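The block underneath contains the structure these notes are about, expressed in structure tokens.
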Amino acid sequence: MLENYEVWFVTGSQHLYGPEALEQVAKNSQVIASALDASSHIPVKVVFKPIVTTATEIKEVCSQANESPNCIGIITWMHTFSPAKMWISGLTTLQKPMLHLHTQFNAELPWSEIDMDFMNLNQAAHGDREFGFINSRLRYSRKVVVGHWQKADVQERIGWWARAAAGRQEFRTLKVARFGDNMRNVAVTEGDKVEAQIKLGLTVDGYGISDLVNSISKVSDSEIDKLVEEIEANYDVVDELKKGGDRHESLRESAKIELGLRSFLDAGGYKAFTDTFEDLTGMDQLPGFAVQRLMADGYGFGGEGDWKTAALVRVMKVMAEGLEGGTSFMEDYTYHFSADGDKALGAHMLEICESIAEKTPRVEIHPLGIGGKPDPVRSVFTVEPGPAVIVSIMDMGSRFRMILNEIDVVPLDAPMPKLPVASALWTPKPSLEVASTAWILAGGAHHNSFSQSLTTECIEDLAEMLEIEFLVIDEETKIREFKKELRWNDLYFHINKGL
């Protein structure tokens with residue numbers, strides 16, 4: 001998806017400096033835009049736009065950005081001094097995310113040649129401050145990146161912002177299908193779907209499980225044959241599930257569920273979905289393996305009717321396109337308190353995405369003491385050690401809150417032969433004690449979106465674009481300060497509604 005998106009590079013100036021200076025401004029801006037477009041750190045197209053020197057030109061490019069379905073944001077830069085009152089009309093019109101790039105064309109000063117002509121042309125040091133003031137005066141939310149445009153770290157930060165902008169765009173167009181309702185009596189998976197559509201943009205549609213069962217019933221034997229052959233060729237499938245095995249029909253049923261589910265989602269334009277084990281009447285097994293495979297193909301999923309997490313998983317998958325590592329629905333399941341260090345075991349009944357598997361998953365079948373269905377098929381694997389983040393989004397009544405915890409996935413201390421589910425073991429930062437305390441104080445959900453690909457900065461950019469609350473639990477977190485942040489945020493979001 002990212003290759004279809006673009007960000008526009010817009011440079012501000014004015015007519016005070018004469019036509020020759022403006023020609024040079026345009027040439028320099030084209031060089032920078034081309035370099036950013038060619039950067040491997042930036043996953044979307046960077047499109048140069050003619051320099052803007054009047055309020056009319058500024059409003060026109062902002063309006064065009066709003067109307068363009070491929071434009072997901074703009075990068076602004078004041079090469080020279082661009083009087084900021086010219087920007088008021090355009091900025092109050094702009095509805096796309098903005099990154100303010102505070103850079104200059106040259107990296108170093110030409111000490112022996114610098115003169116007033118050079119100074120007049122290269123004024124970003126104070127031109128960008130003028131632009132910064134009007135953004136702050138207008139309370140316009142934006143990202144500021146400072147540094148020379150050729151530096152890798154500057155391009156990386158622009159790239160993370162572009163990925164966040166793609167996530168915002170995905171939220172604006174995302175459709176989530178809910179089969180059945182939420183798990184009964186569970187609080188955190190509930191939420192205001194109307195407010196979610198107003199604030200985030202996503203649409204959440206409910207369907208009876210009979211609609212899905214009807215789609216599954218239309219799957220042909222030849223389609224099942226083809227998918228089963230594909231599964232046996234690409235997975236480590238236990239003998240009892242292989243063709244000729246005692247439980248091969250269970251694998252065929254799982255394939256049938258996947259095909260019916262995929263067909264239903266694609267026909268309705270849904271990129272994320274939920275189900276609940278309490279409402280699967282008419283289905284022969286819980287859709288575990290089918291869900292795992294659909295997530296690996298990019299669909300978002302949330303268990304027990306958790307539509308917010310389903311949407312977040314899908315959005316984070318879009319944001320992480322092309323990066324190493326995967327993104328999955330996840331749950332903090334149980335703890336390991338030990339003298340060697342406390343750890344959390346993340347898992348779920350069945351539905352963990354294969355994109356985070358360390359090795360080729362093993363396809364198995366086992367009893368599941370919940371749901372009242374025949375034994376479900378599932379893929380079993382562990383997750384490669386390394387840094388990751390877990391992210392959750394909750395409806396706090398007055399606002400949506402997003403919370404992130406930085407974690408380190410670690411190897412299992414020992415095999416778990418009697419727990420045949422996909423799982424990840426991790427140490428939360430700064431410690432399990434502090435991280436869990438902060439998560440619980442913030443009302444963090446038990447479901448989350450796990451990613452080995454995205455950074456804290458990237459997720460923070462997304463939250464700011466969505467204008468929702470964002471809380472970070474990392475190496476620097478201290479509970480006393482975290483409590484203060486929660487109180488300040490309550491006050492800020494209450495007052496901000498009236499500003």
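Rundown of residues vs (1) farther than 22 Å from ALA162 by Cα; (2) charged (D, E, K, R); (3) touching a helix residue (DSSP H, G or I) at 6+ places or on another chain (Cβ under 8 Å), yes/no style:
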{"position": "ALA35", "(1), (2), (3)": "no, no, no"}
{"position": "ALA55", "(1), (2), (3)": "yes, no, yes"}
{"position": "GLY73", "(1), (2), (3)": "no, no, yes"}
{"position": "THR76", "(1), (2), (3)": "no, no, yes"}
{"position": "TRP87", "(1), (2), (3)": "yes, no, yes"}
{"position": "LEU91", "(1), (2), (3)": "no, no, yes"}
{"position": "LYS96", "(1), (2), (3)": "no, yes, yes"}
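Yes/no per residue for (1) charged (D, E, K, R); (2) touching a strand residue (DSSP E or B) at 6+ places or on another chain (Cβ under 8 Å); (3) under 27 Å from GLU321 (Cα atoms):
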residue: THR11; (1), (2), (3): no, yes, no
residue: GLY18; (1), (2), (3): no, no, no
residue: VAL47; (1), (2), (3): no, yes, yes
residue: ASN66; (1), (2), (3): no, no, yes
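Checked against the criterion of being of a type in the set (Ser, Thr, Tyr), within 25 Å of HIS248 (Cα to Cα) and either without any contact (Cβ under 8 Å) to a residue 12 or more places away in the chain or in contact with a Leu (Cβ under 9 Å, 6 or more places away or on another chain) (or both), segment 384-404 has no qualifying residue.
Just one of the listed residues (ARG401, ARG378) is over 25 Å from the mean Cα position of the chain (by Cα) and modelled with pLDDT of 95 or more, and it is ARG378.
Pairing residues of segment 166-185 that are closer than 14 Å to LYS271 by Cα with residues that are assigned to a helix (DSSP H, G or I) and aromatic (Phe, Trp, Tyr), at Cβ distances under 8 Å and at least 6 apart in sequence or on separate chains, gives VAL176/TRP307; ALA177/PHE264; ARG178/TRP307. Of everything in segment 204-225 that is under 33 Å from the mean Cα position of the chain (by Cα) and charged (D, E, K, R), the residue that is nearest to PHE264 (Cα to Cα) is ASP211. Looking at GLU108, GLU130, GLU156, just one residue is acidic (Asp, Glu) and closer than 13 Å to LEU36 by Cα, and that residue is GLU156. With respect to ILE468, determine if the residue is in the same structural domain as ALA388 (by TED's automatic domain parsing), touching a Lys or Arg at 6+ places or on another chain (Cβ under 7 Å), under 23 Å from ARG168 (Cβ atoms) and of a type in the set (Val, Ile, Thr). So ILE468 fits the description; yes. Any residue in segment 105-122 that's under 20 Å from TRP149 (Cα atoms): show its pairings with residues that are loosely packed, with under 12 Cβ neighbours inside 10 Å at Cβ separation under 6 Å, as long as the two are six or more apart or on different chains. Partner pairs satisfying both residue conditions: none exist.
Residues that are closer than 18 Å to TRP160 by Cβ and not charged (D, E, K, R) are absent from segment 15-27 altogether.
Just one of the numbered conditions (1) among the β-branched types (Val, Ile, Thr); (2) within 37 Å of the chain's Cα centre (by Cα); (3) farther than 30 Å from ARG172 by Cα is not true of ILE114: (2). Pairs linking a residue in segment 140-163 that is assigned by TED's automatic domain parsing to the domain that holds LEU99 and under 18 Å from GLU6 (Cβ atoms) to a residue that is buried (at least 20 other Cβ atoms within 10 Å of the Cβ) and small (Gly, Ala, Ser), with Cβ atoms under 9 Å and 6 or more positions apart or on different chains, are LYS143/ALA164; TRP161/GLY73; ALA162/GLY73; ARG163/ALA320. Of everything in segment 271-305 that is closer than 14 Å to HIS348 by Cβ and either among the acidic types (Asp, Glu) or without any contact (Cβ under 8 Å) to a residue 24 or more places away in the chain (or both), the residue that is surrounded by the most Cβ atoms within 10 Å (Cβ to Cβ) is ASP275. Of everything in segment 358-371 that is in contact (Cβ under 8 Å) with a residue 60 or more places away in the chain and over 30 Å from the mean Cα position of the chain (by Cα), the residue that is surrounded by the fewest Cβ atoms within 10 Å (Cβ to Cβ) is ILE370.
Here is a yes/no grid of residues against (1) surrounded by 12 or more Cβ atoms within 10 Å (Cβ to Cβ); (2) closer than 18 Å to LYS373 by Cα; (3) touching a residue at least 60 places away in the same chain (Cβ under 8 Å):
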residue: LYS199; (1), (2), (3): yes, no, yes
residue: GLY206; (1), (2), (3): yes, no, no
residue: ILE257; (1), (2), (3): yes, yes, no
residue: ARG262; (1), (2), (3): yes, no, no
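Residues that are over 22 Å from GLU464 (Cα atoms) and surrounded by fewer than 23 Cβ atoms within 10 Å (Cβ to Cβ) within segment 382-407 comprise THR382, GLU384, PRO385, GLY386, PRO387, listed in sequence order. Applying the set (1) surrounded by fewer than 17 Cβ atoms within 10 Å (Cβ to Cβ); (2) over 18 Å from the mean Cα position of the chain (by Cα) to TRP439 leaves exactly one unmet item: (1). Just one of (1) within 29 Å of SER250 (Cβ to Cβ); (2) modelled with pLDDT of 95 or more; (3) not polar (S, T, N, Q) fails for GLY372. It is (2).
The residues listed here are GLU476, GLU481; of these, the one that is farther than 28 Å from GLY322 by Cβ and assigned to a loop (DSSP other than H, G, I, E, B) is GLU476.
Within segment 337-372, restricting attention to residues that are assigned to a strand (DSSP E or B) and basic (Lys, Arg), the residue that is nearest to THR437 (Cα to Cα) is LYS343.
Screening segment 419-441 for residues that are in a strand (DSSP E or B) and hydroxyl-bearing (Ser, Thr, Tyr) and picking the one that is farthest from PHE301 (Cα to Cα) gives THR427.
Screening segment 3-93 for strands (runs of 3 or more DSSP E) wholly inside it with 3 or more residues that are closer than 26 Å to ARG137 by Cβ and either aromatic (Phe, Trp, Tyr) or touching a residue at least 12 places away in the same chain (Cβ under 8 Å) (or both) returns the ranges 6-12, 71-78. With LEU462, LEU454 as the choices, which residue is among the aliphatic types (A, V, I, L, M), part of a helix (DSSP H, G or I) and at pLDDT 95 or above? The conditions single out LEU462.
The values are calculated or read from the model by the stated rules, or taken from the named source; none is laboratory data. A quick note: this is a predicted structure, and the numbers were derived from the prediction, not measured. Neighbour counts run over all protein chains shown; Cβ positions are idealised from the backbone, glycine included.
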